[in-house]
Amino acid sequence: MEKEQAVVAIQNVSFTYPGREYPVLDAMNFSLGKGKVGLIGPNGSGKTTFFHIIMGLLTPGEGKVLFKGSIVQGEKGFQDLRKSVGLLFQDADDQLFSPTVLEDVAFGPLNLGASPEEARKTAQETLKNLGLRDLEMRVTHRLSGGEKKLVSLATILSMQPELLLLDEPTNNLDQETRLRLIDILNGLDLSYAIISHDWDFLEKTTREVYVIEKGRITQCEKASLHEHHHAHVYGDHPHHHGD
Ligand SMILES: Nc1ncnc2c1ncn2[C@@H]1O[C@H](COP(=O)(O)OP(=O)(O)O)[C@@H](O)[C@H]1O
Ligand SMILES: [Mg+2]
């Protein structure tokens, strides 16, 4: 990926959790720009850690995070980055905190400086675009798992990000919501990176897939994306099928 296209990049990032002997990420380099990419890797390989470092939720022991070509400095720098990059947390309960759905979806725009009236309109528009208008006045913590996931996505989209990071978005989703999410993502004119073990989902929603393993990230050949119409065992590695 061309450097000037990158929205975010990490350079030589190493990260070791306190009390752990080995780094989760080891001098990792990667950039995310325009496009729709998938990230796959065994459990515990550092995928979530990678997203949290980009968002400034974890600070790497070594290396830099770049936002539009500049090194991100301090919390203020990450606040700017978070206006353009939205993270869909692995667990929707980490994302949602307002009493009602509408308040949760309006929170981002409000936080970005919109008036309460504007924020409400943006939130309503976002929910409408996702087919979630009916949920507007619902109590957030009483939503089903699938509804929570879609509302979480709405809370990010209402901030009109340039790049979305989605951490295992199909975990615990029923088949109907999973298909709905595929449709939503395909309808978005937006760049995103998706962490997932769900090959079929990645095949339907992304154009290229990378593997995170042993602290490093490598591209998985495009060819491996076709002919994947079956589910792979959880945590399996990408592989080629015979011609
Ligand atoms: N707060 C923490 N303290 C210590 N180890 C952690 C912590 N969070 C995650 N880890 C460990 O770091 C490794 C990478 O975690 P994570 O990035 O969540 O992996 P993935 O998302 O690929 O499953 C795992 O071995 C995990 O157990
Ligand atoms: Mg994870």
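Throughout, read-outs are computed from the coordinates displayed, never taken from laboratory work. If you're wondering where the values come from, they're calculated on a predicted model, not measured in any experiment. No Cβ is skipped: glycine too gets one built from the backbone with ideal geometry, and neighbour counts run over all protein chains shown.
Per-structure values
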{"item": "Cut-off 14 Å (backbone N to label point 7 Å along Cα→Cβ of GLU125), residues of the range 140-173", "result": "157-161"}
{"item": "Extension gain, GLN5 back to GLU62 (0.36 nm per residue minus Cα-Cα distance, nm)", "result": "18.1 nm"}
{"item": "Shape call, the range 1-62: gyration tensor on alpha carbons, a/c limit 1.5", "result": "prolate"}
{"item": "Cβ-derived FRET efficiency at R0 22 Å, ARG133 paired with ASP183, nearest 0.05", "result": "0.85"}
{"item": "Distance from the range 34-73 to the range 94-168 (C-alpha centre basis), Å", "result": "24"}
{"item": "Sites matching GluC sites (Glu not before Pro) across the range 1-63 that sit in DSSP coil, with at most 10 neighbouring C-beta atoms within 10 Å", "result": "GLU2, GLU21"}
{"item": "Debye, to nearest 20: dipole size of the chain, +1 on Lys, Arg Cβ, -1 on Asp, Glu Cβ", "result": "480"}
{"item": "Label-to-label distance, nm, for residues given as GLU117 and GLN175 (7 Å Cα→Cβ offset)", "result": "4.8"}
{"item": "Share of alpha-carbon pairs per 10 Å distance bin for the range 24-145, given as whole %", "result": "11, 34, 32, 20, 3"}
{"item": "The chain: DSSP helices with Cα axial extent of at least 27 Å and average Kyte-Doolittle hydropathy no lower than 0.5", "result": "none"}
{"item": "Euclidean distance of C-alpha centroids, the range 184-222 and the range 6-20, integer Å", "result": "19"}
{"item": "Computed [θ] at 222 nm, deg cm²/dmol, the chain (DSSP H ≥ 4; -39,500 (n - 2.57); rounded to nearest 500)", "result": "-9500 deg cm²/dmol"}
{"item": "Difference of contour (0.36 nm per residue) and Cα-Cα distance, GLU213 to THR100", "result": "36.8 nm"}
{"item": "Rounded, prolate or oblate (a/c below 1.5 giving rounded, otherwise prolate when a/b exceeds b/c) for the chain by Cα gyration tensor", "result": "oblate"}
